[in-house]
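Visitor: One structure follows; several queries about it will come next.
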Amino acid sequence: MTMNNYAKARAHTNIALVKYWGKRNAALKLPTTNSLSLTLDQFYTDTSVQFDDHLTSDQVTLNNHRLDEPAARRVTDFLNIVRNQAGITTKAIVKTTNNVPTAAGLASSASGFAALAAAASKASGLTLNQRELSRLARRGSGSATRSIDGGFVEWHKGIGDRTSFATQVAPADYWDLNVIAILVNQQPKKMSSSEGMQLSQTTSPYYHEWEKLCQRDLKKLKIAIKNRNFNDLGTIAEENAMRMHALTLSAAPDFCYFDADSLKAMRLVHQLRESGIPCYFTMDAGPNVKVLVEPEHRESVVSTLQAAFGPDHIVVAAPGPGVQYFR
Ligand code: DP6
């Protein structure tokens, strides 16, 4: 290859306030509903991609450890999509470092595939705009669609591959907010999001209701963002998260992403709120709880959570940027 065949990118995770929990097309990762997230500054993935004619297979390392063939499969499959678009067959060296606990509900697949989409597409010679990059990231992991942009981001379910991408609702500096992550358990989860949403979708009797409510939650959330109404934003996010988890509890067989510490964290948030401190929680497909709070109440919430879980288990994040390229 004669083109500049190396690129490195950084992408941040995002936390969904109205969640994505179901696909209408699994191969293309087209979602059943729109979703809306906030990109976070503290958790990110750095990925470099080097296409090299001398390679006979892709070589993938995660946090300096070489992944074997089955573990690297998701990356290789994704690179095949990029190679196909770019019209090349060259194999690549992919190096990824996660500043996120992998597979513990802190959305490492979101930052991971957003960074990979950015680095791989650039290294392959493709020149994609934000929407095209967002569509490409979607093919790796649904939530990665939203990590191309910073701040508040909406993923439009679209009517097909070309129309299912994310756009920014408001930039990172639009609203001074904090998301406090409580790392209750950093073990990889037992039920992946993909499997979990598939099971919820096919077996929960409440799934159709979820789709309808997401549409309503999304409308209300966009108004709350427009008015910078924190109580509305928090209420919508907390309710939407619990409805998502209700789909796992009502699936057959049932499953649950909470553990004892997640329940303890949720209870603490309720208590803080009853004592007059506005804060709300949300949770993804893992036991870690994230607490939304405005800066004026941040320290009270942080000290309560630190006392309950230990300072090492609390990370304070703020709205973060979209994809960035190195050199
Ligand atoms: C609970 O994006 O991990 O975090 O598209 O199958 O890779 P796949 O799923 P993934 O699901 C994320 C689910 C969620 C909610 C959200 O981020 O919207």
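The values are calculated or read from the model by the stated rules, or taken from the named source; none is laboratory data. Every value quoted in this text rests on a predicted model; they were computed, and no experiment measured them. Ideal geometry is used to build each Cβ from the backbone, glycine not excepted, and the neighbour counts take in all protein chains shown. The protein model used for the area step is the full one, side chains on, heavy atoms only, and it has no ligands, DNA or RNA in it. Shrake-Rupley method; radii C 1.70, N 1.55, O 1.52, S 1.80 Å.
Visitor: Give me the net charge of Thr97's neighbourhood, meaning all other residues with Cβ under 11 Å from the Cβ of Thr97; Lys, Arg count +1, Asp, Glu -1.
Guide: On the way: positive: Lys8, Arg10, Lys95; negative: Asp46.
Local net charge: +2.
Visitor: Could you list which residues have their amide H under 5 Å from that of Phe43, counting only those 5 or more apart in sequence or on another chain, with H placed in the peptide plane?
Guide: Under 5 Å from the amide H of Phe43 lie the amide H atoms of Thr13, each far enough along the sequence or on another chain.
Visitor: Rounded to the nearest 10 Å², what accessible area does Ser193 show when all protein chains are kept and the probe is 1.4 Å?
Guide: About 40 Å², ignoring ligands and nucleic acids.
Visitor: For the stretch 52-99 and the stretch 252-319, compute the distance between their C-alpha centroids and round to whole Å.
Guide: 36 Å
Visitor: Taking just the C-alpha trace of the chain, give me its Rg and Dmax in Å.
Guide: Using the Cα atoms of the chain, the pair Rg, Dmax is 19.3, 64 Å.
Visitor: Roughly how many Å² is the accessible area per residue of the chain, as a whole number, for a 1.4 Å probe?
Guide: Details: 14200 Å² over 327 residues.
Normalised by residue count, the accessible surface of the chain is 43 Å².
Visitor: When ranked by the protection proxy of mean other Cβ atoms within 10 Å per residue, highest first, what sequence do the peptides 146-152, 17-23, 256-262 form? Working shown, then result.
Guide: Numbers: 146-152: 28.1, 17-23: 25.3, 256-262: 16.4.
Per-residue Cβ counts within 10 Å, averaged per peptide and sorted highest first, yield 146-152, 17-23, 256-262.
Visitor: Checking the table Lys29/Lys190; Lys189/Lys226; Lys122/Lys219; Lys222/Lys290; Lys29/Lys212 against a 29 Å threshold on Cα-Cα, which pairs fail?
Guide: Numbers: Lys29/Lys190 21 Å; Lys189/Lys226 35 Å; Lys122/Lys219 35 Å; Lys222/Lys290 20 Å; Lys29/Lys212 20 Å.
The answer is Lys189/Lys226; Lys122/Lys219.
Visitor: Find the eigenvalues of the gyration tensor of the Cα atoms of the stretch 203-327, then list the square roots of 5 times those eigenvalues as equivalent ellipsoid semi-axes, largest first, in whole angstrom.
Guide: Details: eigenvalues 122, 83, 58 Å².
For the stretch 203-327, the ellipsoid semi-axes come out as 25, 20, 17 Å.
Visitor: Relative to the longest principal axis of the chain, what angle (0 to 90°, nearest 10) does the C-alpha long axis of helix 230-249 take?
Guide: 70 degrees
Visitor: Tally Lys/Arg at +1 and Asp/Glu at -1 over every other residue whose Cβ is under 13 Å from the Cβ of Leu213; what's the total? Before the final figure, lay out the partial values.
Guide: Values: positive: Lys19, Lys212, Arg216, Lys219, Lys220, Arg243; negative: Glu209, Glu211, Asp217, Glu239.
My count for the surroundings of Leu213 gives +2.
Visitor: Counting Lys +1, Arg +1, Asp -1, Glu -1, what net charge surrounds Ala172 among other residues with beta carbon under 11 Å of its beta carbon?
Guide: Numbers: positive: none; negative: Asp41, Asp149, Asp173, Asp176.
Charge balance near Ala172 sits at -4.
Visitor: Kirkwood Rh and Cα-based Rg: tell me the resulting Rg over Rh for the stretch 152-263, rounded to two decimals.
Guide: Numbers: Rg = 16.0 Å, Rh = 16.2 Å.
Expressed as Rg/Rh, it is 0.99.
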